[in-house]
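Since the structure comes first, as C-alpha cells, the remarks are kept for the end.
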Amino acid sequence: MSENRLERQAATRTRQLIEQATRHFDLPISQPQVRFDLRGKAAGMALLHPRGETVIRYNMQMLRENGQAFIEQTVPHEVAHLVARAVFGSAVRPHGAEWRSIMTLFGAEPQRCHAFAVPRKSRRKMRHFSYRCACRDHSLSAIRHHRSLSGVVYICRLCGTPLRSTTAGQT
C-alpha cells in the first residue's frame, strides 16, 4: 500500500474518531493537525498545547510496516489522549480509567504500549566518548560525558582515580 494512501487512511480514521467522540460526549472537540514526522520507538504522540492547539504525530515507518494494525491500534490510542483531555480536563492521567473507557468506546484494546517492531534505521544511536583512569580505558555515554563537562567527576571502580577525557569526539 502506498505511503499517501496509508497517510490518508490514518488521517481519515483520526477525524472519524474525533467526530464519534464529539457525538458521544456531546462536546465540541477540535480536529487535530495530523503529521507523519515522528521517529524512534514511539508509534504516535498526542501534543496538547496550552492555547488549545492539538497535534497528533505518527511514526510513518511503523505505519508503513504495520499498515492496518497501526491504524486500528495507534490511531485510537492517540485520539483517546486528546478526547480524555477535552472531556475530563488537564488532570486526567495519560493511561488512566478515563483514557481506557474512551479506547473501549472506540473499539480498541486499551494497551499502554505498542508491540510493533522498532525499525532499525529509526533508532537513535547513543554517542560514546573515550576516558581514561590510572588503570584502563573507559567509554562514557554522551549523557555522562556532558555531565563530566559540567563538573561531575566519575571515579574508576577498580583503581579509584578520576576519569579524564582522552578525545573530544565520539568513539
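The values are calculated or read from the model by the stated rules, or taken from the named source; none is laboratory data. Quantities reported herein were computed from a predicted structural model and do not represent experimental measurements. Cβ placement follows ideal geometry from the backbone for every residue including glycine, while neighbour counts extend to all protein chains displayed. Please note that ligands, DNA and RNA were not included when accessible areas were found on the heavy atoms of the full protein model with its side chains. Shrake-Rupley method; radii C 1.70, N 1.55, O 1.52, S 1.80 Å.
Considering only DSSP states other than H, G, I, E and B, which trypsin sites (Lys or Arg not before Pro) in the stretch 16-87 qualify as loop sites with at most 13 other Cβ atoms within 10 Å?
Arg51
Calculate for the chain the 222 nm mean residue ellipticity that helices alone would give, adding -39,500 (n - 2.57) per DSSP H run of length 4 or more and normalising by residue count, nearest 500 deg cm²/dmol.
Rounded to the nearest 500, the figure is -13500 deg cm²/dmol.
Quick one: 3J(HN,Hα) in Hz for the stretch 57-70, Karplus 6.51/-1.76/1.60 with θ = phi - 60°, rounded, Gly and Pro as x.
Residue by residue, the stretch 57-70 yields 10, 10, 8, 4, 4, 5, 4, 4, 7, 10, x, 4, 4, 4 Hz.
Computed on alpha carbon atoms, what radius of gyration and Dmax characterise the stretch 11-86, expressed in Å?
Here Rg and the maximum Cα pair distance are 12.1, 36 Å.
At a probe radius of 1.4 Å, what is the per-residue accessible area of Asp137, in Å² to the nearest 10?
100
Round to the nearest 0.05 the FRET efficiency obtained for His146 and Leu47 when R0 = 30 Å and r is the Cβ-Cβ distance.
Efficiency, from the Cβ-Cβ distance: 0.70.
Please find, in a Gaussian network model of the chain (springs between Cα atoms separated by less than 10 Å), the residue of Leu82, Leu27, Leu38 whose mean-square fluctuation is greatest.
Of the options given, Leu27 has the highest mean-square fluctuation.
How big is the charge dipole of the chain about its Cα centre, in debye rounded to the nearest 20, if each Lys and Arg gets +1 on its Cβ and each Asp and Glu gets -1 on its Cβ?
1000
Quantify how much of the Cα-Cα distance distribution of the chain extends past 27 Å, in percent. Please list the in-between numbers first.
On the way: 6488 of 14535 pairs.
The share of Cα pairs beyond 27 Å in the chain comes to 45 percent.
If you roll a 1.4 Å probe over the heavy atoms of the protein chains, what accessible area per residue do you get for the stretch 15-109, in Å²?
Roughly 52 Å² per residue, with all protein chains present.
Just to be sure I understand the model, the point goes 7 Å from the Cα along the line to the Cβ. What's the resulting Arg127 to Ala91 distance in nm?
Result: 4.4 nm between the two label points.
Apply the Karplus parameterisation 6.51 cos²θ - 1.76 cosθ + 1.60, with θ equal to phi minus 60°, to every residue of the stretch 50-55 and state each ³J(HN,Hα) to the nearest whole Hz, in sequence, with x for glycine and proline.
Ordered by residue, 3J(HN,Hα) equals x, 7, x, 6, 10, 9 Hz.
Among Ala117, Ala86, Ala134, determine the one that fluctuates most according to a GNM of the chain built with springs between C-alpha atoms less than 10 Å apart.
Per the Cα network of the chain with a 10 Å cutoff, Ala134 tops the list.
How about the chain: what cysteines have no other cysteine beta carbon under 4.7 Å from their own?
Lacking a cysteine Cβ partner under 4.7 Å: Cys113.
May I ask you to give the percent of accessible area on the chain that is carbon plus sulfur, with a probe radius of 1.4 Å?
49
In a Gaussian network model over the chain where Cα atoms closer than 10 Å are linked, find which of Thr14, Thr22, Thr74 has the largest mean-square fluctuation.
Of Thr14, Thr22, Thr74, the Gaussian network model singles out Thr22 as fluctuating most.
Label-point separation (nm) for Val55 and Phe25, each offset 7 Å from Cα along Cα-to-Cβ?
The answer from the label model is 2.2 nm.
Around His138, which amide H atoms from residues at least 5 apart in sequence, or from another chain, sit under 5 Å from its own amide H, with H modelled in the peptide plane?
Tyr131, Arg132, Cys133
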